[in-house]
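Shown next, in structure tokens, is the structure this report addresses.
The values are calculated or read from the model by the stated rules, or taken from the named source; none is laboratory data. Computed from a predicted model, the values in this text were never measured in an experiment. Virtual Cβ from ideal backbone geometry, glycine too; neighbours counted across all protein chains shown. Accessible surface is based on the protein model in full, side chains and every heavy atom, while ligands, DNA and RNA are left aside. Shrake-Rupley method; radii C 1.70, N 1.55, O 1.52, S 1.80 Å.
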Protein chains: 2
Amino acid sequence: MLDNTDQLILDELSKNSRITMKELGEKVHLTGQAASGRVAKLEDNGLIEGYTIKVNQTKLGYFIHAFITIITQSTYHQPYLSFIKTQEAYIIHNYKISGDGCYLLECKFPSNKALGEFLEDLNKHANYKLSIVINK
Amino acid sequence: MLDNTDQLILDELSKNSRITMKELGEKVHLTGQAASGRVAKLEDNGLIEGYTIKVNQTKLGYFIHAFITIITQSTYHQPYLSFIKTQEAYIIHNYKISGDGCYLLECKFPSNKALGEFLEDLNKHANYKLSIVINK
DNA sequence: TCAACTCCTTTCATTTATCAAGTCAAACCG
DNA sequence: CGGTTTGACTTGATAAATGAAAGGAGTTGA
């Protein structure tokens, strides 16, 4: 269902999704038209979910990247879930997890002040453990 | 340094990085050439770090998405770092963190068997706490 | 006021994408 | 075996996007 050429196409598009179909074709030894057809199939199959960019969050002013493990006191998660919906600017992902905690929240903040205020509000709905990303 | 139009451009490219410059221009009320110029500047400034695709990992056969908190016994992290370099197929990100643990490892695995073997090898170099992603 | 700059638009030549046939090989089936 | 079907690719023609050059409008500062 997914041959070596398709794999190469995914690799190339991961590296540069704005490559022309002609160039992509050259890299995988096809014409642009054939490459384009392959890509269309990968989209139809749902393997390629979308085309996006990598944005440098630090240059956007988000200097803090954090993971917050959430432990909700009660079995009612709704207050927490409602809360984070109001904080979309800071939230990158909210993963429901098994293991130590109920959720793993990946966030970004412009300053310690913003982080502090966020944690204060968060604490009304859940307990947490904070991990700040230092690197990579 | 970054005006509202630039912000809109980043939003549009995040949603679809393969949009044509002409279409992008229409969305932000510029000509294609002007939009193209803006994008070139965003690239030069390093705000746009690259163009990529979102791949459906489940359809690629990676059914398990996990976060592993790493606690190295010794202060010497090299054995762990060398180990994960040999496991690139499974590693999405390796974040150095402050807080509970030394690293936060985001990984993907095709099966519980692969996960199990990975953890067994990992345990030779570090202790860990495993969280499996259930959702979102 | 003038010059230098920035940012945008217009125009045009070039490149790229797209659509419609047409080719080829493998698989299927009487 | 021969014929048909199917899937994946190529070729060729046309429409669309891109990139470069020229120029205009607004801003800044001497």
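Descriptive notes on the structure:
- Residue list for the stretch B:21-34, restricted to those being more than 12 Å from DNA strand D (Cβ to nearest atom), open to solvent by 40 Å² or more (accessible area, probe 1.4 Å) and in contact with an Asp or Glu (Cβ under 9 Å, 6 or more places away or on another chain): B:27
- Qualifying residue in the stretch A:77-85 (condition: over 21 Å from residue B:57 (Cα atoms), at pLDDT below 95, in contact with a strand residue (DSSP E or B) (Cβ under 6 Å, 6 or more places away or on another chain) and away from DNA strand D (no atom under 16 Å from the Cβ)): no
- Residue count for the stretch A:1-17, restricted to those that are in contact (Cβ under 8 Å) with a residue 24 or more places away in the chain and in contact with a helix residue (DSSP H, G or I) (Cβ under 9 Å, 6 or more places away or on another chain): 6.
- Residue in the stretch A:88-98 that is in contact with a Ser or Thr (Cβ under 9 Å, 6 or more places away or on another chain) and either touching a residue at least 12 places away in the same chain (Cβ under 8 Å) or not polar (S, T, N, Q) (or both) present: yes
- For beta carbons closer than 6 Å, sequence separation of 6+ or different chains, a first residue in the stretch B:99-113 that is within 12 Å of residue B:64 (Cβ to Cβ) and a second that is in a loop (DSSP other than H, G, I, E, B) and open to solvent by less than 40 Å² (accessible area, probe 1.4 Å), the qualifying pairs are B:110/B:61.
- Among the numbered conditions (1) open to solvent by less than 60 Å² (accessible area, probe 1.4 Å); (2) within 7 Å of chain A (Cβ to nearest Cβ), the only one that residue B:121 does not meet is (2).
- Selection of the stretch A:1-20 for residues being open to solvent by 40 Å² or more (accessible area, probe 1.4 Å) and not polar (S, T, N, Q) yields A:1, A:2, A:3, A:8, A:11, A:15, A:18.
- Subset of the stretch A:123-136 [touching a residue at least 40 places away in the same chain (Cβ under 8 Å) and touching a strand residue (DSSP E or B) at 6+ places or on another chain (Cβ under 6 Å)]: A:126, A:127, A:128, A:129, A:130, A:131, A:132, A:133
- Residues of the stretch B:51-85 that are touching a residue at least 40 places away in the same chain (Cβ under 8 Å), among the β-branched types (Val, Ile, Thr) and either within 14 Å of chain A (Cβ to nearest Cβ) or open to solvent by 50 Å² or more (accessible area, probe 1.4 Å) (or both): B:64, B:68, B:69, B:70, B:71.
- Any pair with Cβ under 8 angstrom, 6 or more apart, that starts in the stretch B:29-48 at a residue that is within 19 Å of residue A:62 (Cβ to Cβ) and ends at one that is within 9 Å of DNA strand D (Cβ to nearest atom) and part of a helix (DSSP H, G or I): B:48/B:39
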